[in-house]
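In what follows, a single structure is set out as structure tokens and then discussed.
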Amino acid sequence: MDGRSNRRRFSDEQKRAIVQETEKPGVSVAQVCRRHGVATSMVFRWRVEFGLSARKAPQLATVALADGAANEAPALAALRDLVRPPDGMTAIELDDGRRVFAPTGSSPAEVKRQLANREKAS
């Protein structure tokens, strides 16, 4: 015996499944680790092993509107296409041209109503 007989062994499929669980929106790595009886440091090591070592920061682009025309539809369309909704979210276009993200399945009319009420209150 080498003194390591109490170590658990995980197959690559098990490791990958645990790591994928941690990638879901709103999931805590610590909760997943407790559920599977694994140290968080081990899961972060597996993430590096599978190439998921760090969350990628969103890429930003510099945008200039021609002649300062903020109401040009093509410019607004280009801006809208730069920012994609996060996983589990959908984009809702407001009447004034702004766009907000809400959980998928949300009623656009209800989101607009709540936002209007919040803006009136402030």
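The values are calculated or read from the model by the stated rules, or taken from the named source; none is laboratory data. Treat the numbers as computed from the prediction; the structure is a model and nothing was measured. Every residue, glycine among them, receives a Cβ derived from its backbone with ideal geometry; neighbour counts consider all protein chains shown.
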**Prompt:** What's the number of the condition Arg35 fails, among (1) under 30 Å from Pro103 (Cα atoms); (2) surrounded by 11 or more Cβ atoms within 10 Å (Cβ to Cβ); (3) touching a helix residue (DSSP H, G or I) at 6+ places or on another chain (Cβ under 9 Å)?
**Reply:** (2)
**Asked** How many of the residues in the range 94-122 are touching a helix residue (DSSP H, G or I) at 6+ places or on another chain (Cβ under 8 Å) and surrounded by 10 or more Cβ atoms within 10 Å (Cβ to Cβ)?
**Response** 5
**Item:** Output for the range 75-106, where each listed residue is within 14 Å of Pro25 (Cβ to Cβ), of a type outside the set (Gly, Ala, Ser) and either modelled with pLDDT of 85 or more or assigned by TED's automatic domain parsing to the domain that holds Thr22 (or both)
**Value:** Met89, Thr90, Phe101, Pro103, Thr104
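Per-residue answers, yes or no, for (1) at pLDDT 85 or above; (2) within 23 Å of the chain's Cα centre (by Cα):
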| site | (1), (2) |
| --- | --- |
| Ser5 | no, no |
| Phe10 | yes, no |
| Ser28 | yes, yes |
| Cys33 | yes, yes |
| His36 | yes, no |
| Val43 | yes, yes |
| Lys56 | no, yes |
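Could you count how many residues in the range 84-122 are of a type in the set (A, V, I, L, M, F, W, C), in a helix (DSSP H, G or I) and out of contact with any strand residue (DSSP E or B) (no Cβ under 6 Å at 6 or more places or on another chain)? Before you say what the answer is, go through the steps one by one.
Kept after step one, since they are of a type in the set (A, V, I, L, M, F, W, C), are these residues of the range 84-122: 89, 91-92, 94, 100-102, 109, 111, 115-116, 121.
Subsequent filtering for residues that are in a helix (DSSP H, G or I) retains 109, 111, 115-116, 121.
From what's left, out of contact with any strand residue (DSSP E or B) (no Cβ under 6 Å at 6 or more places or on another chain): 109, 115-116, 121.
Final tally of qualifying residues: 4.
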